[in-house]
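Student: Quick one: structure below, then a few questions.
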Amino acid sequence: MTTSSDPGHASPAAGPAGRNLLSGPPPALLPSDAAATGPLSAGEDPTAVAAATPALSAPWAALAERALAAGRPVEAYAYARTGYHRGLDALRRAGWRGTGPIPWSHEPNRGFLRALAALGQAAAAIGETAEADRCRTFLADSDPAAPAALGLA
C-alpha cells in the first residue's frame with residue numbers, strides 16, 4: 001500500500017513536480033527593465049526614456065508620478081494607463097494569467113506596480129472612484145507590501 005509519505009506518491013493537491021495546486025499561482029516575475037531604470041536612475045528625462053523603451057512600464061510610471069506632483073491628473077492618468085497596459089502585456093508574456101502575486105520585492109515588477117498606483121491616484125483625482133478603488137485593490141492583491149512601499153498605506 002502506498003501512503004502520502006511514500007516518495008513516489010504525491011498528495012491529491014499536488015500538481016506537476018509536486019507543486020501544491022491549492023497554494024495558488026506562482027509569483028509573476030518580470031524580466032529586467034534596466035534599459036529604462038538605469039537611465040532613469042542616472043537622471044535622464046522620463047520622456048526620452050519612454051521614447052527609447054516604450055514597452056516598459058517604469059518610464060510611464062515616472063511620467064505619471066511627475067504629472068501628479070505637478071497637479072496634472074489627466075496627463076498623469078494617460079501616462080499611468082499606458083504604463084499599466086504595457087505592464088499587463090509584459091506580465092502575460094511572463095506567464096501571468098490574471099491572478100497571483102506580483103511581488104514588489106522583485107525590482108522589475110516595480111514599474112508596473114508604480115504605474116498601477118499612479119493610475120489609482122490619477123483616477124481618484126479626476127473623480128473616477130470605481131477605477132481608483134479597483135486600482136487600490138489590485139495593488140494590495142498584487143503584493144500587500146506595495147502600498148506601504150509607495151507611501152499609500
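Nothing in this text is a laboratory measurement; each read-out follows from the coordinates by a stated rule. The structure presented is a predicted model; accordingly, all values stated were derived computationally and were not measured. Note that we place each Cβ from the backbone using ideal geometry, even for glycine, and neighbour counts take in every protein chain shown.
Student: Tell me, in nm to one decimal, what length is gained between VAL74 and ASP133 on full extension, where the rule is 0.36 nm per residue of separation less the Cα-Cα distance?
Tutor: Stretched fully, the VAL74-ASP133 segment lengthens by 19.5 nm.
Student: Connecting C-alpha atoms closer than 10 Å in a GNM of the chain, tell me which of ALA35, ALA132, ALA80 has the biggest fluctuation.
Tutor: Per the Cα network of the chain with a 10 Å cutoff, ALA35 tops the list.
Student: Moving on. Given a 10 angstrom Cα cut-off, can you work out which residue in ALA62, ALA130, ALA115 is the most mobile in a GNM of the chain?
Tutor: With Cα springs under 10 Å in the chain, the top fluctuation among ALA62, ALA130, ALA115 is at ALA130.
Student: Separate question: Counting other C-beta atoms within 10 Å, and keeping those with at most 10, which DSSP coil trypsin sites (Lys or Arg not before Pro) do you find in the stretch 50-153?
Tutor: Filter output for the stretch 50-153: ARG97.
Student: Which whole-number value in Å³ per residue fits the convex hull of the alpha carbons of the chain?
Tutor: That works out to 125 Å³ per residue.
Student: Still on this structure: I want to check the label-to-label distance for ARG92 and SER32. Put each point 7 Å from Cα in the C-beta direction and report it in nm to one decimal.
Tutor: Each label point is offset 7 Å from its Cα along the Cβ direction, giving 2.6 nm.
Student: Still on this structure, I have one more. Can you give me the distance in nm between label points at HIS106 and LEU152, each placed 7 Å from the Cα along the Cα-to-Cβ direction?
Tutor: That separation, rounded to one decimal, is 1.9 nm.
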